[in-house]
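Each remark here refers to the structure printed beneath this line.
The values are calculated or read from the model by the stated rules, or taken from the named source; none is laboratory data. Just so it is clear, the model here is predicted, and its values are computed rather than measured. Cβ placement follows ideal geometry from the backbone for every residue including glycine, while neighbour counts extend to all protein chains displayed.
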Amino acid sequence: MEKKSLNSKTIFVSEEENTINWNEVQNHFQKTFGHEVYSSWLKNISLLKEYNDYLILGVPTRFFRDWIVSRYLDKILKDVKSFKLSLNRIEFKILDDNKIITDEKFKDTYADPGKISAIKDSILNYNRLNPLLNFENFVEGSSNKIALSSSKRVCEQLSRYNPLYIYGGVGLGKTHLLNAIGLKLQEKNNVMFISAERFMYHFIKSIKKNDMVNFKDFFRRSSVFIIDDIQFIRGKEGLQEEFFHTFNSLIEKSSQIIISADRSPTKLDRVQERIKSRLSGGLIVDIDTPDLELKSKIIKNKLNDISNQFKENYNISEDVINFLANQSKTNIRELLGILNRVIAFSKIHKKTLNISDCKNILKDVFNQTRVITVDKIQNTVSNFFNLSLNEMLSQRRSRPLARPRQIAMYLAKKMTTRSLPEIGRRFANRDHTTVIHAVKTITKLSEKDEEIKNNVNQIKAILLED
Ligand code: ADP
Ligand code: MG
């Protein structure tokens, strides 16, 4: 056998997925966060070190880090993930005092990865509870009063209501409550917190790896099982089957189960009857849309938090608070987004804001955050090409179907913040490499093919119009 030369060693490159190009990421940040937030915050973040599953980012000060972690961490993680799929967390290093964050809470949630098996490790990374979503900062109002008190009661007396099923529309605090329950119970219990989508991801991965034994064992071991957004199982037979068995074995050993969904159990179409009946077997509570009082209270609470945490005061008048509270009718997440934006503006311009300032700032926000979803893109594209949605998502490869499908994937990547694997899943469970291929193909074609270019632009215009 030929002896390897020294040189061959030096050209050996690891086959890690990819290396991040920080400039590209920064450009992306500018787009997703908008110029103001970008130039006052994100621009100052540097990439210090890259690992396969996490990044160490450098920030100038502790204040800076806290601000970013409390406001933008989720979005930052999502953005960097779109560049490197294997990333699942971020650590910050404060360049001032040279210390990496070691909040106790963060340390807990990222338990020593060396000591756990591969499957547990990968699940753990998504099983992390967010220490910022707790009962203390969940504001009570008439729309969430019952959901809140039931959540607290579950923590005091396990398996009294089993399962606890919390449902309500987008951005109303379901994940926050589930997370708060998890935090409360994790000291004394083996808590599993996972979204139904992640549950499926691990399910499929385990099937592929022929590792179902580990999968079953892992999920059935928890004494508190919290699963978010269960509506995700609609129409997915294999997943429902697995969920049903997991559910039963957990109940059998009196583990507490807590579930959230965007609708009541009876309205879960394309879900097996036996599962619906299991889901309805405990306590069902809903979260309603917030009234003005709750929204104002949440705003005041947030302002309070900020002034306590960062020793900064924003003198926002009652009028302005009411104005802001009225801007988002049905979504607390959106409301907080609006508030952040206004605060950032007031900080940058060192100015106490009045209503007309807010109107100006928000004009911009609404243009930027127009909600374009993968669903909406799929519907618009299939309408545009006169196809049914089924045809467009089907496995058929003829060009009249494949091109629109690729255009839809391309737009989903360009116009939403969904990651490649998520987009793949939304297109009848295709692999993320298919999405990458589609994005490349359409990017190339729209440079040289006038018709495709026009089609893409027209569809974009339709999406941005309504
Ligand atoms: P859902 O899971 O129902 O879509 P989330 O739990 O993600 O909604 O809530 C959206 C955002 O609104 C989160 O930042 C959450 O902390 C915040 N939020 C929702 N309800 C409340 C509340 N009652 N008090 C404080 N923050 C809330
Ligand atoms: Mg949620």
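Quick notes on this one:
- Restricting attention to region 158-181 and to residues that are among the β-branched types (Val, Ile, Thr) and within 7 Å of ligand 1 (Cβ to nearest atom), the residue that is farthest from Ile230 (Cα to Cα) turns out to be Val170.
- Unique residue being buried (at least 19 other Cβ atoms within 10 Å of the Cβ), modelled with pLDDT of 90 or more and either hydroxyl-bearing (Ser, Thr, Tyr) or farther than 26 Å from Asp79 by Cβ (or both) when the list is Asn455, Asn390: Asn455
- Residue in region 210-219 that is away from ligand 1 (no atom under 16 Å from the Cβ), more than 17 Å from Glu197 (Cα to Cα), in contact (Cβ under 8 Å) with a residue 24 or more places away in the chain and touching a strand residue (DSSP E or B) at 6+ places or on another chain (Cβ under 8 Å) present: no
- Within region 266-295, the residues that satisfy the criterion of being away from ligand 1 (no atom under 12 Å from the Cβ) and closer than 23 Å to Lys329 by Cα are Val285, Leu292.
- Qualifying residues in region 65-82 (those that are surrounded by 18 or more Cβ atoms within 10 Å (Cβ to Cβ) and not basic (Lys, Arg)) - the one nearest to Trp22 (Cα to Cα): Val80
- Of Asp319, Asp375, all but one fail to be in a helix (DSSP H, G or I), loosely packed, with under 14 Cβ neighbours inside 10 Å, modelled with pLDDT of 90 or more and within 23 Å of the chain's Cα centre (by Cα); the exception is Asp375.
- For region 406-453, the candidate set comprises residues that are of a type in the set (S, T, N, Q) and touching a residue at least 40 places away in the same chain (Cβ under 8 Å); within that set, the residue that is nearest to Ser382 (Cα to Cα) is Thr416.
Quick grid of which residues meet (1) outside any helix (DSSP H, G or I); (2) within 16 Å of ligand 2 (Cβ to nearest atom); (3) over 25 Å from Leu172 (Cα atoms); (4) of a type in the set (S, T, N, Q):
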position	(1), (2), (3), (4)
Leu250	no, no, yes, no
Ile258	yes, yes, no, no
Thr266	no, no, no, yes
Val271	yes, no, no, no
Ile284	yes, no, no, no
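- Residue match in region 176-184 (condition: surrounded by 15 or more Cβ atoms within 10 Å (Cβ to Cβ) and either more than 22 Å from the chain's Cα centre (by Cα) or without any contact (Cβ under 8 Å) to a residue 40 or more places away in the chain (or both)): no
- Some residue of region 415-428 being of a type outside the set (Phe, Trp, Tyr), part of a loop (DSSP other than H, G, I, E, B), surrounded by fewer than 18 Cβ atoms within 10 Å (Cβ to Cβ) and touching a Lys or Arg at 6+ places or on another chain (Cβ under 6 Å): yes
- For region 429-451, the count of residues that are part of a helix (DSSP H, G or I), modelled with pLDDT under 95, over 22 Å from Lys81 (Cβ atoms) and of a type in the set (Val, Ile, Thr) is zero.
- Unique match (being modelled with pLDDT of 50 or more, loosely packed, with under 10 Cβ neighbours inside 10 Å and out of contact with any Leu (no Cβ under 8 Å at 6 or more places or on another chain)) among Asn7, Asn27, Asn23: Asn23
- Taken together, the criteria exclude Lys347 from residues that are touching an Asp or Glu at 6+ places or on another chain (Cβ under 9 Å), more than 16 Å from ligand 2 (Cβ to nearest atom), in a loop (DSSP other than H, G, I, E, B) and farther than 29 Å from Ile230 by Cα.
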